[in-house]
Every structure is written in C-alpha cells, then in structure tokens.
Amino acid sequence: MDVKRVKDYLYWLYYQYQLVTCSYVLEPWEQSMFHTITVTVLAMVAYTAYVFVPIHVRLALQFFAQIFGPQPESAV
C-alpha cells in the first residue's frame, strides 16, 4: 500500500468528520473538548454493545424457543 494514499484518505475522513459535525468552526480548546466527549461516548456505546447485546440476543432466543418449542410429531 502507498503510505501517502492512506495518509491522504485518513485526512479526508477527518475532514469529512469535521464538516459533518461543524467542529471546524470551534476554537482549538473547544475542538479538543468536543473530540474527547465524542470519543468517550462512542467508546461507551461500543462497550455496552459488546457486553449487553449478546446477553439480550441469547435471552430472546430462549424466549422464542419456549414459545415455539419442539412441536409434537404428527401421528401417522
């Protein structure tokens, strides 16, 4: 891979992030606070999804397995 192309692509992604969030109009100290809060919130969302989503999926599967449990075979 070309390092310059990767660097340019990452810069472009960061520029798009700044445009979408309008953080380019903030003062430098406001930008750092905004980025810190954004990264913290995203990290908490990722951690919560990693910890709790599998538990809820397992419980949902158990619930539906109880409702639609093994069907009795028809007597032929």
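Could you list all residues from the stretch 1-26 that are of a type in the set (D, E, K, R) and open to solvent by less than 100 Å² (accessible area, probe 1.4 Å)? Quick ask: steps written out before the conclusion?
Pass one, the stretch 1-26, residues of a type in the set (D, E, K, R): 2, 4-5, 7-8.
Asp2, Asp8 - these are the residues of the stretch 1-26 that are of a type in the set (D, E, K, R) and open to solvent by less than 100 Å² (accessible area, probe 1.4 Å).
Can you say whether Tyr50 is open to solvent by 100 Å² or more (accessible area, probe 1.4 Å) and part of a helix (DSSP H, G or I), as far as the supplied structure shows?
Against the criterion (open to solvent by 100 Å² or more (accessible area, probe 1.4 Å) and part of a helix (DSSP H, G or I)), Tyr50 qualifies.
The values are calculated or read from the model by the stated rules, or taken from the named source; none is laboratory data. Remember, it's a predicted structure, so these values are computed and weren't measured experimentally. The protein model used for the area step is the full one, side chains on, heavy atoms only, and it has no ligands, DNA or RNA in it. Shrake-Rupley method; radii C 1.70, N 1.55, O 1.52, S 1.80 Å.
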